[in-house]
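What follows is a short report on a single structure.
What follows draws every value from the coordinates through simple rules; no lab data is involved. Given the structure is predicted, the values throughout are model-derived calculations rather than measurements. Cβ coordinates were reconstructed from backbone atoms using ideal geometry, including for glycine residues, and neighbour counts include every protein chain displayed.
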Amino acid sequence: MFITKKITTFETYTIRQEVLRKGKPIETCYFNGDNDSSTTHFGLFENEKIIGVVSVYKTNSLLFIDEIQFQIRGMAVLENFQNKGYGEQLLKAAEKYCWEEKANLIWFNAREKAVSFYTKSGFKIVGNSFDIPDVGIHFVMYKKN
Ligand SMILES: CC(C)(COP(=O)(O)OP(=O)(O)OC[C@H]1O[C@@H](n2cnc3c(N)ncnc32)[C@H](O)[C@@H]1OP(=O)(O)O)[C@@H](O)C(=O)NCCC(=O)NCCS
């Protein structure tokens, strides 16, 4: 039995570190805006154990002209639990929240490896790939309401 619920910034750190910043200091898991009142974090739990996280920030990208934009960051599912539909579940929860908050557009920087995961949920690539040092090749992806 698994559930998705809102969590604190602090609760995101262990999963972010394990999945997104493996072997790197915990400070690399602190993201700008994490503690803003307009930021929301979601966790996916299986029997009280947190297995995945995602965060949503009210941040506009200059690539888009839409008025109300939300950015998704820190999407991560523990390796042993990947490919079981949990990531999709988390993404759906984040998306639902954004549309409820009247977002016109959701965007994020997607790792090259995760692009097809997001494409399956209807997100599209805009522009060319770019490198984020120490993390790798990324694409900007988005969905309009
Ligand atoms: C990317 C990630 C969040 C996906 O979560 P997940 O729980 O493994 O994904 P799901 O099981 O919900 O997958 C949903 C669909 O996307 C597909 N999918 C998942 N990861 C994929 C990938 N890397 N490439 C292609 N398709 C992928 C699944 O096969 C599934 O397709 P289906 O519905 O046709 O069966 C997870 O694998 C992860 O944490 N990866 C490492 C960190 C990372 O890359 N995060 C994203 C940063 S932008």
Of the candidates Gly23, Gly74, Gly122, which one comes out as most mobile in a Gaussian network treatment of the chain with C-alpha springs shorter than 10 Å? Gly23
In terms of Cα to Cα distance under 20 Å, which lysines are near enough to Lys144, apart from those fewer than 8 places away along the same chain? Lys58, Lys92, Lys96, Lys102, Lys120, Lys124
In µm²/s, what is D for the stretch 59-145 at 10 °C and 1.306 mPa s, where D = kT/(6 pi eta Rh) by Stokes-Einstein and Rh is the Kirkwood radius from Cα pairs? 117 µm²/s
Check the straight Cα-Cα distances from Lys24 and name the lysines below 23 Å, setting aside those fewer than 8 residues away within the same chain. Lys49, Lys113
Nothing charged except the Cβ atoms of Lys and Arg (+1) and of Asp and Glu (-1): what's the magnitude of the dipole of the chain about its Cα centre? Round to the nearest 20 debye. 320 debye
Let's see if you can work this out: charge +1 on each Lys and Arg Cβ, -1 on each Asp and Glu Cβ, no other charges. What is the dipole magnitude of the stretch 90-145 about its Cα centre, in debye to the nearest 20? 300 debye
For the pair Phe31 and Asp66, what calculated FRET efficiency results from E = 1/(1 + (r/R0)^6), where r is the Cβ-Cβ distance and R0 = 25 Å, to the nearest 0.05? 0.70
extent check for the chain: Cα max minus min per principal axis, descending, whole Å, gives 41, 33, 29
